[in-house]
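The next block holds one structure in the form of structure tokens; read it before the comments.
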Amino acid sequence: MSLGQKIAKLRQERGLTLQEVSDGSGLTPSFLSRLERDKVNISVANLRKLALFFNVQMTHFFEGEDSQQAGQVVRPTERIKLSLDDSPVQVYALLPANGDMDARLIEALPGSGQQGFSSRGHQMVYLMQGTLRYLLGEEEYILYAGDTLYYTDEMALNWENVGDQPAHLLTIISNNGRDER
């Protein structure tokens, strides 16, 4: 199934019109129509808007058809990049989207980070390399290589690579037991 077909299917399953998706995502109805018919390509930023609107992980749009295999291997060359090529923070999906868990490998240049997004579900951050300043609400944590941070509350969070080397971190989010809004 193509990306456009997956977007159309998701919209139809939720009983939404192109105009409703447009209003919620900020993308024009004509663009969405062409996208669903695979007549145009979509940028990472616009795909992120759709993922936020539909409340799905971006990897949802790339997952394959159901497989009869017990396991699935995602090779480094097959990882889905969830960031722009020139971004100082590179984000890679490590797992196929399944709704219950999301795992990402994040590489951040010194001084870079992410701000103003909200966590959901249970989240674990494992810092493999570097030094991070992590803000959960009003609480600040300094993480060093080998440290793990775990939290469960939905709250605004920010993090920044405060070291002089690139930071490599693994994040795992479990939505199990949470409302999918």
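The values are calculated or read from the model by the stated rules, or taken from the named source; none is laboratory data. Being a predicted model, the structure only gives us computed values, none of them experimental. Note that each Cβ is placed from the backbone with ideal geometry, even for glycine, and that neighbours are counted across all protein chains shown.
Some notes on this structure:
- Residue selected from the stretch 70-90 under the condition at pLDDT 80 or above and among the hydrophobic types (A, V, I, L, M, F, W, C), by the criterion nearest to His168 (Cα to Cα): Val89
- Note on the stretch 2-32: among residues that are within 24 Å of Ser83 (Cβ to Cβ) and in contact (Cβ under 8 Å) with a residue 40 or more places away in the chain, the one that is surrounded by the most Cβ atoms within 10 Å (Cβ to Cβ) is Ile7.
For every residue, the table says whether it meets (1) within 14 Å of Asp164 (Cβ to Cβ); (2) not charged (D, E, K, R).
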residue: Leu105; (1), (2): no, yes
residue: Leu109; (1), (2): yes, yes
residue: Gly113; (1), (2): no, yes
residue: Gly116; (1), (2): no, yes
residue: Thr131; (1), (2): yes, yes
residue: Leu135; (1), (2): no, yes
residue: Glu138; (1), (2): no, no
residue: Tyr144; (1), (2): yes, yes
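- Contact map, the stretch 130-156: residues that are over 16 Å from Leu105 (Cα atoms) paired with residues that are of a type in the set (D, E, K, R) and surrounded by 15 or more Cβ atoms within 10 Å (Cβ to Cβ), Cβ distance under 6 Å, separation 6+ or inter-chain. Pairs shown: Arg133/Glu160; Ile142/Arg133; Glu154/Arg120.
- Residues located in the stretch 1-41, provided they are of a type in the set (S, T, N, Q) and not in a helix (DSSP H, G or I): Ser2, Thr17, Thr28, Asn41
- Considering the stretch 96-111, and only residues there that are part of a loop (DSSP other than H, G, I, E, B) and at pLDDT 80 or above, the residue that is nearest to Ser83 (Cα to Cα) turns out to be Leu109.
- In the stretch 112-138, the residues that are of a type outside the set (A, V, I, L, M), touching a strand residue (DSSP E or B) at 6+ places or on another chain (Cβ under 9 Å), surrounded by fewer than 16 Cβ atoms within 10 Å (Cβ to Cβ) and modelled with pLDDT under 95: Gln114, Gln115, Gly116, Phe117, Ser118, Gly137
- Tallying residues that are at pLDDT 80 or above and over 12 Å from Met124 (Cα atoms) within the stretch 147-164 yields 8.
- Residue check, Ala45 more than 16 Å from the chain's Cα centre (by Cα) and in a helix (DSSP H, G or I): no
- Residue check, Leu50 in contact (Cβ under 8 Å) with a residue 40 or more places away in the chain and either part of a helix (DSSP H, G or I) or assigned by TED's automatic domain parsing to the domain that holds Trp159 (or both): yes
- Conditions (1) modelled with pLDDT of 85 or more; (2) surrounded by fewer than 19 Cβ atoms within 10 Å (Cβ to Cβ); number of the one not met by Leu35: (2)
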